[in-house]
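The values are calculated or read from the model by the stated rules, or taken from the named source; none is laboratory data. Bear in mind the structure is a predicted one, so any value in this text is a computation, not a measurement. In this analysis, Cβ positions are derived from the backbone assuming ideal geometry, glycine residues included, and neighbour counts consider all displayed protein chains. Keep in mind that these areas ignore ligands, DNA and RNA; they rest on the heavy atoms of the full protein, side chains included. Shrake-Rupley method; radii C 1.70, N 1.55, O 1.52, S 1.80 Å.
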Amino acid sequence: DHDARATWFAIADQAGTVAEHRHGYGAVCDAMVLLHHGDADAALERVAPTPDEVWKWVSWIWLHWYVALRAEAAVLAGHPDARDRIEAARATVGGNPVAIAQLDRAEALLDGDVTRQLAAAAAFDAAGCRYQSARTLLLAGEGHAAVGTAALADLGLAPVPVG
């Protein structure tokens, strides 16, 4: 819902949010949308600052999502440090089942392990994250992509490119 997204960012602008604060929630929101549309390179660029650079604007749950998205974008963009980013992110996201599932999915994608991708989809389901579960099925490919596409349609979302 691009119009609703624009509305929320307009509210943030009216609130006088300093641009540097957008390294946190803005980067998370932007990276999710970019990955949804299959633009891993742009997502990777959006979360380029290291977690140490953004910690003062990104706290707790936002930092969990930031590092998980940063790792996933690195995998999907073929960044040479993708595995290191996954490992580093794991030290940050402990106790967050959604971020852990996202890292599990990223690592499974990196390894080409469909079984572990499906396990990540199940973890997203258990956490109530229907969108992320559907996206995982799309990324798993094969016959799973059709199920993921149907799940996205059930959420009111159009099919998206993967990778």
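Some points to look at:
- Whole-number percent relative contact order across segment 12-163, with pairs defined as alpha carbons under 8 Å at least 6 apart: 18
- Efficiency of FRET between Arg83 and Val147 - r from beta-carbon atoms, R0 22 angstrom, step 0.05: 0.20
- The string of couplings for segment 148-155 from the Karplus curve (6.51, -1.76, 1.60, θ = phi - 60°) is x, 5, 5, 5, 5, 4, 4, 8 Hz, one whole number per residue in order, with x for Gly and Pro.
- Each residue, Asp1 and Ala42, gets one label point 7 Å from its Cα in the Cβ direction; the gap between the two is 2.1 nm.
- Sulfur and carbon atoms: percent of accessible area, segment 96-148 [1.4 Å]: 59
- Separation in nanometres of the label points that stand 7 Å from Cα toward Cβ, at Asp13 and Leu157: 2.5
- Computed over protein heavy atoms with a 1.4 Å probe, the accessible surface of the chain works out to 51 Å² per residue.
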